[in-house]
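Worksheet: the structure to be examined is printed underneath.
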Amino acid sequence: MPLRRFRRQYEQLSPFERGRIIGIMEGRWSARPGSRHSQQTSRREDRHIVRNARVQPTTSSAAIQAQVAPSLGAPVSSRIIRRRLAEGYLGSWCPLYVLPLTPSHRLLRLEWCRARGSWTAAEWNQVIFSDESRFNFSIDDNRVRV
């Protein structure tokens with residue numbers, strides 16, 4: 001019974017449309033070899049761009065473009081440079097201002113806490129605690145994105 005229902009649905013289509021639907025359902029699509037545009041940079045040039053960014057991590061994409069332009073055969077935009085850096089897992093990031101805690105730092109903090117474990121409220125009123133790692137009085141904290 002279900003086969004007849006499906007046949008009835010396909011009888012409304014032309015043989016060409018039926019073939020297209022079957023082709024889509026079976027997934028027999030193939031990409032033609034010349035269907036994509038070729039990349040402007042080769043894999044070797046991509047590695048060269050990523051290497052320049054790793055050697056000098058604070059340089060901009062325009063500066064990398066100016067450094068790499070003589071070695072490339074064709075002019076390349078800074079957008080392509082940024083795309084190649086993203087493919088090389090190099091995005092923008094903020095450098096650390098403080099170092100992560102080591103086990104010796106943790107021991108020193110524990111000693112500090114134990115020494116002040118019996119303080120009174122009057123002594124604690126003279127201490128300022130904050131959850132913030134730094135204080136900002138303006139919106140811009142002058143951190144540089146790399």
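In segment 92-129, of all residues being surrounded by 10 or more Cβ atoms within 10 Å (Cβ to Cβ), without any contact (Cβ under 8 Å) to a residue 40 or more places away in the chain and not in a helix (DSSP H, G or I), the one that is farthest from the chain's Cα centre (by Cα) corresponds to W119. Taking the criterion of being surrounded by fewer than 15 Cβ atoms within 10 Å (Cβ to Cβ), among the small types (G, A, S) and under 19 Å from W93 (Cα atoms), the residues of segment 34-80 that qualify are S60, A62, S78. In summary, helices (runs of 4 or more DSSP H) completely within segment 1-61 and bearing 3 or more residues that are over 30 Å from A74 (Cβ atoms) and at pLDDT below 80 occur at 2-11, 15-26.
The values are calculated or read from the model by the stated rules, or taken from the named source; none is laboratory data. Values in this document were obtained by computation on a predicted structure and should not be read as measured data. Glycine also receives a Cβ, built like all others from the backbone with ideal geometry; neighbour counts cover every protein chain displayed.
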